[in-house]
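Trainee: My structure is below; once you've seen it, I'll send some questions.
The values are calculated or read from the model by the stated rules, or taken from the named source; none is laboratory data. Note that the structure is predicted; figures quoted are calculated from it, not measured. Neighbour counts run over all protein chains shown; Cβ positions are idealised from the backbone, glycine included. Keep in mind that these areas ignore ligands, DNA and RNA; they rest on the heavy atoms of the full protein, side chains included. Shrake-Rupley method; radii C 1.70, N 1.55, O 1.52, S 1.80 Å.
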Amino acid sequence: MAGATSSSLIWSPWQATLQQSTTNNNRFYLKKGYPFPCHSVYNTFNFKRRFLSSSKYNDDHVVTDSSASSKLSPLQTHFSFSGCGCSWIQDNSMVLDSPTSNVLLTSKICSALPSKTVDVSSVSDLFEFICSGPLVDKIGITPDSLGQSIDKWLLYGSQLCRLFQLNELMLTIPQKARLYHYYIPVFVWCQDQIALHTSKFNDGDDVPPLVIGFSAPQGCGKTTLVFALDYLFKTTKMKSATISIDDFYLTSQGQAKLREENSGNALLEYRGNAGSHDLPFSVETIEALTKLTKDGMKMKVPRYDKSAYSGRGDRADATTWPEVEGPLKVVLFEGWMLGFKPLPAEAVKAVDPQLETVNKNLEAYYEAWDKYINAWVVIKIKDPSYVYRWRLQAEIAMRQAGKPGMSDDEVNDFVSRYLPAYKAYLPTLYAEGPSGSDLERVLAIDIDEERNPILAT
């Protein structure tokens, strides 16, 4: 395998259970006759491997590729699980203690190997599980193409288990579904989009990074998805950067001015809706990121401190911004209102008269955001009221973790300032796609109230 996967930094325990058969052209066939290559060569006559480990799980017990030059480097992130509503992560008694806020999740490795025999049939079951996912047809995955790339899927699954501190050989169904039906298929689609983007340039050209937009309602898990994708890009040695529309909110002073200019409009009293973002700053940041095409080129990416000024928020001090280095392959840009299109004034006034000003502000957003986005992931929900439930779950989790959290009434007030925009703009987004998008490069994902991808009805 060392020679077959030069980019791999560790072996997956799934891969370590495989042995290569010398029959059938070095291919292993599943029950349905789907072939996939087995690259882990230890014993050509054994189809199972017994792991010799202690009965206790060892945090640093991983199967390493001796040809790898280094272990995974720490992932720089401002993401925290606190209050993110990641119930699928906790759905396993094998999960390690939750990390504290902003602690790197790679500090411990939970690809622990049990001291029992693992049968190759478990890989067969996983193959069939992947094929049953709701996104495989959308991203063009067939059983044969999956068979050709199964080792990569297993590696990606192993890396995500390390990230989320899961025991990959004892995943629950919700955990397995989140990784193999959602995060990894989206990552594979993103890789295809990057390849398509790169193919449009000639050898020797400076290839700007592909900007992929993630338009999804608040609380649906888009930040966790982007976090997972960013990690997979880094572990596969593809340089990436992440930005959120939150990073471009007006400063505290700018918010105060907006509030004064729109006195009495609850939709513009706090940050969130169109009009509360620093659009020139957005353009400056996005254009700078797309110019990071060479080794050694660096820039700091802005972040927003939502806790400043008693929750009113302010742009974080520039000394705390993370630094990214070129050449970037991809920029992951996420936000709840990405791709929203302005509507006729009468249409938005029928939803909420206060939305008329927001709608007017939205006219400037295509030039500041959407026109830079080359490919889109649109996460669709059946009912905007899901946002209230998800936000309530997050705040309850925050309070249970001993951190400041909004009361139920405060959550209701908070979400009520966004619901008019959802009710007005989501139908057009779902029917026509994001503003200015090429529908051939839009991946639409329907999710249920538990944030799991489902087949569209």
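Trainee: Take the residues in the stretch 419-457 that are of a type in the set (Ser, Thr, Tyr) and at pLDDT 95 or above, then tell me which one is surrounded by the fewest Cβ atoms within 10 Å (Cβ to Cβ).
Mentor: Across the stretch 419-457, the extreme among qualifying residues is Tyr430.
Trainee: If I filter the stretch 398-407 for residues that are under 23 Å from the mean Cα position of the chain (by Cα) and either open to solvent by 60 Å² or more (accessible area, probe 1.4 Å) or in contact (Cβ under 8 Å) with a residue 40 or more places away in the chain (or both), do I get at least one hit?
Mentor: yes
Trainee: Residue under question is Asp203, and the condition is that it be outside any helix (DSSP H, G or I) and surrounded by fewer than 20 Cβ atoms within 10 Å (Cβ to Cβ); does it hold?
Mentor: So Asp203 fits the description; yes.
Trainee: Same structure, new question: If you go through the stretch 211-228, how many residues are more than 18 Å from Leu426 (Cβ to Cβ) and assigned to a helix (DSSP H, G or I)?
Mentor: 6
Trainee: Based on this model, can you work out whether Trp369 counts as modelled with pLDDT of 95 or more and in the same structural domain as Asp278 (by the TED database)?
Mentor: Considered against the rule, which asks whether it is modelled with pLDDT of 95 or more and in the same structural domain as Asp278 (by the TED database), Trp369 comes out as yes.
Trainee: Any residue in the stretch 357-369 that is of a type in the set (S, T, N, Q) sitting within a Cβ distance under 7 Å of a residue that is open to solvent by 50 Å² or more (accessible area, probe 1.4 Å)? List the pairs, counting only those 6 or more apart or interchain.
Mentor: Every condition considered, the pairs that remain are Asn359/Pro342.
Trainee: Among the numbered conditions (1) in contact with a strand residue (DSSP E or B) (Cβ under 9 Å, 6 or more places away or on another chain); (2) on the phi > 0 side of the Ramachandran plot, tell me where Ser215 comes up short.
Mentor: (2)
Trainee: Related question: Does the stretch 254-270 contain any residue that is of a type in the set (S, T, N, Q) and either over 21 Å from Leu419 (Cα atoms) or surrounded by 23 or more Cβ atoms within 10 Å (Cβ to Cβ) (or both)?
Mentor: No - not one qualifying residue is present in the stretch 254-270.
Trainee: Let me ask something additional. Considering the stretch 248-261 alone, what residues qualify as being in a helix (DSSP H, G or I) and touching a residue at least 60 places away in the same chain (Cβ under 8 Å)?
Mentor: Ser252
Trainee: Given the criterion touching a residue at least 24 places away in the same chain (Cβ under 8 Å), out of contact with any Asp or Glu (no Cβ under 9 Å at 6 or more places or on another chain) and not aliphatic (A, V, I, L, M), identify the matching residue among Tyr309, Tyr386.
Mentor: It is Tyr309.
Trainee: Do the conditions hold for Thr357, that is, is it modelled with pLDDT of 95 or more, under 16 Å from Leu267 (Cα atoms) and not small (Gly, Ala, Ser)?
Mentor: yes
Trainee: Out of (1) in contact (Cβ under 8 Å) with a residue 24 or more places away in the chain; (2) within 28 Å of Gln193 (Cα to Cα), the odd one out for Pro342 is which?
Mentor: (1)
Trainee: Another one. If we keep just the residues of the stretch 271-306 that are without any contact (Cβ under 8 Å) to a residue 40 or more places away in the chain and in a loop (DSSP other than H, G, I, E, B), which is most open to solvent (accessible area, probe 1.4 Å)?
Mentor: Only one residue tops the list, namely Asp295.
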